[in-house]
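Have a look at the structure below before the remarks.
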Amino acid sequence: MSANNLFRRALLCAGATLCVPAALAQQGEPVQVAEIIVSANRVPTAQDRVGSTVDIVDAAEIERRQQVQVLDMLKRVPGVSISRSGGFGSTSTLRLRGSEAGMVKVLVDGVEVNDTSTTGGEFDFASLSTVDIDRIEVLKGPQSALYGNDAMAGVINIITRQGTGAPTLRATLEGGAFGTFRQQASLTGAQQDVSYALTASNYHTDGFSRTFVGNEKDGSDARSVSGRVGYQASETLRFDLNAGWSWLDSEYDPFAADGDAALEKEDWHVRAAANLTLLGGAFENSLAASYASTDRDFDEPTGWYRFSQYDSRRKALDYQGNLRLRDRDVATIGLSVDEESAKIVNTTATATTTDIDDKVVTKSAFAQYLAAVTDDLTLTLGGRIDDHEQFGTEATWRITGAYQVPATGTVLRASYGTANKAPSLYQLYAPWYGNASLQAEDGKGVDVGFEQKLLDGRLSFGASLFRNTYDNMIGFTSAYVNVASARTKGVEVSFQARPVEAVLIQANYTYLDAKDRLTGRDLPRRPQDSFNASIDWTLVDGIDLGAALRYAGKQRDTAAATSPILAGSTVVDATARWRVSDRFSLFGRVENLLDKDYQEVRSYRAPGRSAYGGVTVTF
């Protein structure tokens, strides 16, 4: 089916949606309370007043799916495509709506964690676990006007659990296939003016051979500790501190050849913020300092570089002010200074060289006005200026609109924005290949869609159409140069139903047309078609069963004209949970239930059928 036909069908669905629910609305259909979203406008905004497309993965969904890695939750979100070179601990990247991985900004509790030492500044999801995550917001479309560099295609905003209520201790033990054993524990609570949450986890797997040419197992060990503390000093002043540490030791097969190689990776992030409200709460002020680091050490005895060290550092100081005007208007201003640095050291059989040891500072200012024009119409307009010390000053802007049709409750959305991305430190300063004269990559994108809820919220569905263009992209000839250009467009459709209280059905479909505008070829590792579906059933009180299916269509493996085509794949998972009591539950899952052979990156295996089970105790 052609893209144009799909666009027509989606528009017809939108038109039908405006008519069908009208009759139901006239029968006294209750008004639904909209979910609150933070990332879309950088201020808490009701979902029905957000003009951009945002998908939510909440704690309940994470518990239902029982997935250990964040990437395995995100790959179920429409518009998301992933590339993973094997099982747990292998290189794992994410693209939004056909973008490059480095065009997606990843935030953990407000700290940017993209790796400055990678070629494109992308974030590697290899060891990021779901253990302490309360919510993930996937904000799509050009977001540079609010979030600056690295947000050309969108933002992954990860929010960890906060402490509330009486002290609660929760512990989980899990074991299963490939010699896997996982332990985690958390302590959360709040007392008077202090809230706290602390989580620790340990993970081990013997793994399997990630490449098809040998049988040597590639195992992994991972550990993490994270926490956050909040102190309400007065009615107008609050302090927040959050921090996280993770460590990964993972064996891998370089260049898809079975071999003795290992990666040790350590990540840190920390953020301290002071929040002051003035004018009776109408003027909110936040000042925050943050730090993030990633250290990757490669031990590859048979490689040209026997040892390699990649160190990434990010430091940021941010101010944001939100002034509430009229009843629901919000004027937002922000200032920031960001320093990113990278160091790369390589060791051959005879010498050790420092290939990169550089840093760059970016100073930024942005402003946005959110206007509640009427009870049903909300508009936002924002702009940003980034002053990058290497390539100069760039400006971006964004406009969004959300309208709720009074007669039907249908929410119509639209957004348009421009974006840019600064060259990475590797592209600027790498020996032999770096180019200090590189300019910023440019982009622009449009997004329109709708969302409809029926039957007191028990049925909901929606669709989004999008188109993005990327120009002045950095490509590689004999060195890095601004030569590439790309265009992505597509449609995302989502559906959710709860026909009875005990059953939840969810599904989404994405059609993606991503092209290199110079060669006309499809961009690699971006399936044209992807589909997700799940059903969760409470069999009896305390016993939950679930099944999930994911289909990813065929895709090119590389950008070369002779690139092999990766076949499409359909993977089914099954889950079960028995809540024996308020304090004790048993759970289990089977991944790749049908034992399908497939590849997310050519020459690297994906896990076959594997079963896991465990217990959770709460005190």
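All of the numbers you see were taken from the coordinates with simple rules; none came from a lab. All figures in this text were calculated on a predicted structure; none of them were measured in a lab. We place every Cβ from the backbone using ideal geometry, glycine too, and count neighbours over all the protein chains shown.
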About the Cα centre, and with charges only on the beta carbon of Lys, Arg (+1) and Asp, Glu (-1), how big is the dipole of the stretch 399-488? Nearest 20 debye, please.
160 debye
Where does each of 239-251, 344-356 land if you order them by average Cβ count within 10 Å, highest first?
239-251, 344-356
Roughly how many debye, to the nearest 20, is the charge dipole of the chain about its Cα centre, given +1 on each Lys and Arg Cβ, -1 on each Asp and Glu Cβ, and no other charges?
1480 debye
Would you calculate the separation in nanometres between label points at Glu235 and Asp58, each defined as 7 Å from the Cα along the Cα-to-beta-carbon direction?
3.1 nm
Could you work out [θ]222 nm for the chain from helices alone, using -39500 (n - 2.57) per DSSP H run of at least four and dividing by all its residues? Round to the nearest 500 deg cm²/dmol.
-2000 deg cm²/dmol
If you scale each eigenvalue of the Cα gyration tensor by 5 and take the root, what three semi-axes come out for the stretch 567-619, rounded to whole angstrom and sorted largest first?
32, 10, 7
Obtain the nm distance between the two label points defined at Leu278 and Ala367 by a simple spin-label model: each point lies 7 Å from its Cα along the Cα-to-C-beta direction.
1.7 nm
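Efficiency by 1/(1 + (r/R0)^6): what FRET value for Ala560 and Lys315, r their Cβ-Cβ distance, R0 = 41 Å, to the nearest 0.05?
Calculated value: 0.60.
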Within a Cβ distance under 13 Å of Ser424, other residues only, what is the Lys/Arg minus Asp/Glu net charge?
-4
Just the Kirkwood number for the stretch 267-376, please: inverse of mean 1/r across all distinct Cα pairs, in Å, one decimal.
17.5 Å
Note the full-extension length gain between Ala611 and Val483 as 0.36 nm times their separation in residues minus their Cα-Cα distance, in nm to one decimal.
41.4 nm
Entries in Lys140/Lys554; Lys515/Lys554; Lys75/Lys140; Lys444/Lys489 that, when Cα-Cα distance is taken, lie over 19 Å
Lys140/Lys554
Which value in Å is the Kirkwood Rh of the stretch 3-618 over different Cα pairs?
25.4 Å
